[in-house]
1. I'd like to check one number: the per residue accessible area of chain B, probe 1.4 Å, reported in Å² as a whole number.
2. Summing -39500 (n - 2.57) over the DSSP H runs of n ≥ 4 in the protein assembly as shown and dividing by its residue number, what mean residue ellipticity at 222 nm do you reach, to the nearest 500 deg cm²/dmol?
3. Relative to the compact globular guide of 2.2 N^0.38 Å, what is the alpha carbon radius of gyration of segment A:249-361, as a ratio?
4. Rg and Dmax of the protein assembly as shown, using alpha carbons, in Å: what are they?
5. Counting only residues 5 or more places away or on other chains, whose amide H sits under 5 Å from the amide H of B:V271 once H atoms are built in the peptide plane?
6. Starting from the amide H of A:H10, placed 1.01 Å from N in the peptide plane, find each other amide H under 5 Å away whose residue is 5 or more places distant or on another chain.
7. Copy-to-copy spacing for A:Q334, label 7 Å out on the Cα-to-C-beta vector, in nm, shortest first?
8. With +1 assigned to the C-beta of every Lys and Arg and -1 to the C-beta of every Asp and Glu, and no other charges, what is the dipole magnitude of segment B:1-117 about the Cα centre in debye, to the nearest 20?
Number of protein chains: 2
Amino acid sequence: MSMVVKRAPHRLGTHRVLEPSGAMPQNAWRLDNSPVAFENEIVCDVDVLNIDSASFKQIADHCGGDADAIGAHVLRTVRERGKQHNPVTGSGGMFIGRVREIGTALRARIDLAAGERIASLVSLTLTPLHVAHVKRVDVTTGRVWIEGHAVLFESGLWAKLPHDIDESVALAVFDVAGAPAQVRRLAQPGQSVVVIGADGKSGLLSCAQAKARVGSGGCVIGLIPDGNAPSARILREAGIVDHIVVADAQDALEMSEAVRAIAPDLADVVVNCVNVPNTELGSILCTKDRGTVYFFSMSTSFTAAALGAEGVGKDITMIVGNGYAKGHAQTALQTLRDHPRIHAYFHERYAPHTDASKGPQ
Amino acid sequence: MSMVVKRAPHRLGTHRVLEPSGAMPQNAWRLDNSPVAFENEIVCDVDVLNIDSASFKQIADHCGGDADAIGAHVLRTVRERGKQHNPVTGSGGMFIGRVREIGTALRARIDLAAGERIASLVSLTLTPLHVAHVKRVDVTTGRVWIEGHAVLFESGLWAKLPHDIDESVALAVFDVAGAPAQVRRLAQPGQSVVVIGADGKSGLLSCAQAKARVGSGGCVIGLIPDGNAPSARILREAGIVDHIVVADAQDALEMSEAVRAIAPDLADVVVNCVNVPNTELGSILCTKDRGTVYFFSMSTSFTAAALGAEGVGKDITMIVGNGYAKGHAQTALQTLRDHPRIHAYFHERYAPHTDASKGPQ
């Protein structure tokens, strides 16, 4: 006697969980990676996996940096788990592929068609994946070219790859697309905005959106650790900040006093984009009463932020950076189109060896 | 030749830092606890220290639970550091005392006079403290009666002790006062609000404020782990929720489906008040698109929240619970006055042996 278990398709993909039962796809040990779209799914032919950098480093170390061994390792993980979910680091990555099939219930509801090229914007740790074979591993970038397919759930995020921007550059900005999209919402005309870590990838895009929003009556202050770095020059030349402050973000007093010297009432909005710990208090001290801190940095400590604001008696709103906001990928790409200087810098940095035909005009 | 170093009084109290130089009062190893108010300080005669529970447990364990030994231990820490900052747990507590002196620059600007009784609402880890001697240690509550004095900086938070509410009850609600004050701001008339951990101290106060704000056209859903607990009865009897849902907050799907059964569009505002880990995803799934999650729980993981929302494609605002909001202590006390049933429950729980003359009418 055979028993057929029919699982109702769930928008979060729980119907693809094989074990343990009841888990969410991200917590699951193993997912069903069969290549047929449930009614609310998208199945893609995958070209490239962009393995998360922490995960790729662990795999590469384990394999002595050998490309073939790394490829075999990825193949083994995906065969065992039905997803590229590194059991040691717990992290995944994203994929680039071409849409093969869109489920019947989803087709009419999304602006996507079979044949289009997309990047997944959800982690590979929750994405059903099948790898037929590994074609090439680029040890320097953590990219793995494969033949295989992946499944996106109804809740899964994706973005169409643009025709006018290099794929590597697009991926680089998709990775931090939540930041500029949120800054666009938070900053209001005439306000003062401080961007901590203004010369990084998310920082540059955040400054551009902040300046566009606050306008000529507002003020954007970019905080950077080193005034002589190439990125500092871009910040100046792109016209996206009114002031550059060189300060140590971990020195709360020094940083906030430097901001106060420019904006005596402090900032309406502070955007924290630095990937070093212990910058919560500095961010809080740069913010005016009833202002907002947007913590985009994954190094943020929840308790340091919560107790820090109470300890200095600051009545401010502190927001956890959400990697997603509606339209975030398009906002990030548009920021590049609006700022050729930033686009050129990103191209040089993330796609140095590709031909410049997709570079900025 | 003698050198006098004159330190300018700073609103954050950096002028009281003795070592290491350049530290903030909380990071400092040792503070200057001399009992004279700088122009922007408040000096208090201290009656009671409420040692933070993690810190008190560590001290009590170290001292074999002996009250005299605990007293001597506290005395030693304060002599060495100029503050009751437990070097093992890193935590402090708060104090109750009477205002002795208010600095000249502060007097006219605050509604406080010498002689009034207050509770400090900032941590003892950043509060200059001198203990002349320890009078009594209550091993069950972690309270230490002393003769001594403490200093509050200009940025330091405090609250006058009310005449109509027992001191222990007032302290208990001051401890979580940030939650109801923030809920009061976030919830709007007609909205749906979910309070996770509705039967705890912060949960009950949050439900009361949520219900007052959303009104009869809105809906407050209280999520609790056990429908038979005494606190669940209070929740029902106080009339501060429209629905009670018994669910495991760590089971994201179960909890969110239970909420969806009551509020098909999910919640505008979710308030997380539970002190267990792994409830971030559940909170996120209960929230409608463009809604808000307020994480008051100190068990919140920043990365679990940030990556969780992205993983399920939720465009929501996630706020870090700030222990402070303007007027938060008064809002918390007023909540008790407005809800005699909650007040009676808190009295029974936090001041069971005191006379009831300060109990609710």
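1. 41 Å²
2. Helix contribution divided over all residues of the protein assembly as shown: -9500 deg cm²/dmol.
3. The value comes to 1.31.
4. 27.8, 100
5. Under 5 Å from the amide H of B:V271 lie the amide H atoms of B:V194, B:V195, B:I196, B:Y294, each far enough along the sequence or on another chain.
6. Here A:H15 satisfy the definition.
7. Nearest first, the other copies' label points are 4.1 nm away.
8. 400 debye
The values are calculated or read from the model by the stated rules, or taken from the named source; none is laboratory data. The structure displayed is predicted, hence computed values, not measured ones. All Cβ positions, glycine included, derive from the backbone under ideal geometry; neighbour counts span all protein chains shown. Areas reflect the complete protein model, heavy atoms only, side chains present, ligands, DNA and RNA absent. Shrake-Rupley method; radii C 1.70, N 1.55, O 1.52, S 1.80 Å.
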